[in-house]
Amino acid sequence: MNKFSSFRDYVDSVRGRTVAANSITSFSSTVMNKAAAAAIPKEGITSVFPGHHLYAMLLLRPKFTTSSLNEDRKKHIKLIARLAQGVRMIVHHYDGALLEVQGPVIHAFIPNEDGSRENAIAASFAIQEFINAQIRADAGNDFIKSLVSFCHGPTIFVASEDTHGDNSIVSLAPAANAPAKVLWRENDSLTDGSVIEVETDGETKIIERTSYLSVSLQKSAKEMIANSSRGLPPLTMLEAKAMSVPYRDSPDSPTVEDPLNSYSISFRADMDGFTHQVTKAFENGEEAVDALAFHFLDIMRHARGFCTKQKCIHLPWAGDCFNLLISFSEREEYQVARERKILEIAKQFYEHMKTKFPNVKWAFSHAAGDLENAQVCNTLVSRITVGHTTLLLATGLPVERSLSGLIKESPLAEYGVLWKEDVANLDDDLGEILKPCPGGKNHRHFSLIELSRAMDKHDFRPTPKAYISTPTKTAAIATAPFVRPYAL
């Protein structure tokens, strides 16, 4: 059996059903029937194997993606969920699999040993066909453009399960970094509908449809899209409960139709220099790659431990970017958290990670935002089913603005950025550590050292009653894209 022939089933059966974390075996040995899936650890790493990483970016009007209206947020989640299912259907046709949904970017992988581009090109144009047929009209005037990029190279996958049963699969590979970076860096200048081939050194080439797609392949793509209504499961869900995030098999699991409403602060922590480490590991051979993958798995596990100490929703990792929402069911709790917790979370996370990984440095991005009088929430979280696994999706102004902070400001290690609307809400001592951002006027800059000093000087004050909530059984959630996408 070709060792890649069941890649899509491998990923769909258990997101992260990988090699046990105490051994390395061949990839083919991890491809097992579904009955045996329960015996396979949900955390671990794969062996190194080649293929194409595909990224589909759906750009929508900013006022829509950051709208204070719940109906806009629900529409946004439905559009992203529909695209994720469409991408999954298309790459399955080429024995590939959906890996991540990170904000406006969908990440998929098509196994390929010799580097031939036909399947990657055909899948890329089929994704654009799908967007034109089933996304563009529903998005209406909120649609801006869609882009697809792809790159070929060897990859090792690292998987970790969170406390509520969802999984993150992180791709460690120059071929995973390069096409994601191109989309984030160049999306303003690229034409709607573009398909871009990317080399691992960053060189790009626009693929012309008529030059590379045969008539038969174009016909196949159109037929695939025409039949997609039968191939995609309906986006149905049950009502989500107040502020807990139920385990993925719970009947109360949040869905696209009935997402979890919350007042949330979005927090992102991006590892410094990890892209360079990935590149060097692949240059030094498979043993170096394995060692780095195990190291990163340990980091993911330790970060998960931080989530057990916080009232938060653990979103999926985006490459080397850790993501969570500090969420509340009441406006009063949220407003109190904006006074100090919104920044203090960075120092708390840094100190937690330093206990085991003192040499790993992080950069941060925080966002919450002001609330309108009648606003019932500022964030929606939904869980969608794709194959035999689940994906957690989050949308709302905090999610978008914290991502923008990473992308546009690119904070250095041990520095962070804060969304401008949150500045006035801070306690005075924390407001004093903020500086103008070099990249623009929408965020403010702070250093971890000055944040730590301010926290150390702060006199202890009992937490206001509005900030206290009855303990609930919470679960973490799987991760969002970042300023330096995929392990910069």
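In this structure, is His53 surrounded by 20 or more Cβ atoms within 10 Å (Cβ to Cβ) and not basic (Lys, Arg)?
Values: surrounded by 20 or more Cβ atoms within 10 Å (Cβ to Cβ): yes; not basic (Lys, Arg): yes.
Judged against the criteria, His53 is a match.
Listed here are the residues, each with its yes/no results for (1) within 23 Å of the chain's Cα centre (by Cα); (2) β-branched (Val, Ile, Thr).
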residue	(1), (2)
Ala394	yes, no
Leu412	yes, no
Val423	no, yes
Glu432	no, no
Phe446	no, no
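As a summary of the residue check, Ala159 satisfies the conditions (1) surrounded by fewer than 24 Cβ atoms within 10 Å (Cβ to Cβ); (2) part of a strand (DSSP E or B) except for the one numbered (1).
Taking the numbered list (1) of a type outside the set (D, E, K, R); (2) modelled with pLDDT of 95 or more; (3) in a loop (DSSP other than H, G, I, E, B) in turn, Phe349 passes all entries but (3). The residues of the range 272-322 that are touching a residue at least 60 places away in the same chain (Cβ under 8 Å) and at positive phi, listed by number, are Gly273, Gly319. Could you grab me the full set of residues in the range 271-320 that are touching a helix residue (DSSP H, G or I) at 6+ places or on another chain (Cβ under 7 Å) and of a type in the set (Lys, Arg)? None; the set is empty. Is it true that Leu430 is farther than 30 Å from Ser160 by Cβ, buried (at least 19 other Cβ atoms within 10 Å of the Cβ) and in the same structural domain as Ile326 (by TED's automatic domain parsing)? The answer is yes for Leu430.
In this structure, Asn112 does not satisfy being out of contact with any Gly (no Cβ under 7 Å at 6 or more places or on another chain) and surrounded by fewer than 24 Cβ atoms within 10 Å (Cβ to Cβ). Put simply, of Leu371, Leu380, Leu325, Leu343 the only residue that is within 30 Å of His92 (Cα to Cα) and of a type in the set (A, V, I, L, M, F, W, C) is Leu380. Determine, yes or no, whether Phe322 is within 21 Å of Leu172 (Cβ to Cβ), assigned to a strand (DSSP E or B) and under 20 Å from the mean Cα position of the chain (by Cα). It is true that Phe322 is within 21 Å of Leu172 (Cβ to Cβ), assigned to a strand (DSSP E or B) and under 20 Å from the mean Cα position of the chain (by Cα). Looking only at the range 266-310, residues that are under 19 Å from Met353 (Cβ atoms) and among the charged types (D, E, K, R) come to 7 in all.
For the range 162-183, give me the residue count where each residue is of a type in the set (D, E, K, R) and not in a helix (DSSP H, G or I). Let's see the steps before the verdict.
Taking the range 162-183 and keeping what is of a type in the set (D, E, K, R), we get 162, 166, 181.
From what's left, not in a helix (DSSP H, G or I): 162, 166.
Matching residues across the range 162-183 total 2.
Of the strands (runs of 3 or more DSSP E) entirely within the range 382-488, those holding at least 2 residues that are at pLDDT below 90 occupy 389-395, 440-447. Please indicate, with yes or no, whether at least one residue in the range 187-210 is assigned by TED's automatic domain parsing to the domain that holds Lys74, modelled with pLDDT under 60 and polar (S, T, N, Q). There is no residue in the range 187-210 that is assigned by TED's automatic domain parsing to the domain that holds Lys74, modelled with pLDDT under 60 and polar (S, T, N, Q). Of the residues that sit in the range 119-144 and are touching a helix residue (DSSP H, G or I) at 6+ places or on another chain (Cβ under 8 Å) and charged (D, E, K, R), which one is surrounded by the fewest Cβ atoms within 10 Å (Cβ to Cβ)? Per the stated criteria, the residue is Asp138.
Taken over the range 47-74, the residue count meeting the criterion of being under 24 Å from Val148 (Cβ atoms) and touching a Leu at 6+ places or on another chain (Cβ under 9 Å) is 8. Mind listing just one residue for me: the one in the range 352-381 that is in contact with a helix residue (DSSP H, G or I) (Cβ under 9 Å, 6 or more places away or on another chain) and in a helix (DSSP H, G or I) and, of those, farthest from Asp428 (Cα to Cα)? Selected residue: Met353.
Condition check for Ser116 on (1) under 25 Å from Gly405 (Cβ atoms); (2) free of Cβ contacts under 8 Å to residues at least 60 places away in the same chain: one failure, at (1). Of all residues in the range 115-130, which are touching a strand residue (DSSP E or B) at 6+ places or on another chain (Cβ under 8 Å) and not polar (S, T, N, Q)? Those that are touching a strand residue (DSSP E or B) at 6+ places or on another chain (Cβ under 8 Å) and not polar (S, T, N, Q): Gly115, Arg117, Ala120, Ile121, Ala123, Phe125, Ile127.
The values are calculated or read from the model by the stated rules, or taken from the named source; none is laboratory data. Here the structure is a predicted model, which means the values were calculated and not measured. A quick note on method: Cβ atoms are made from the backbone with ideal geometry, for glycine too, and the neighbour counts reach across all protein chains shown.
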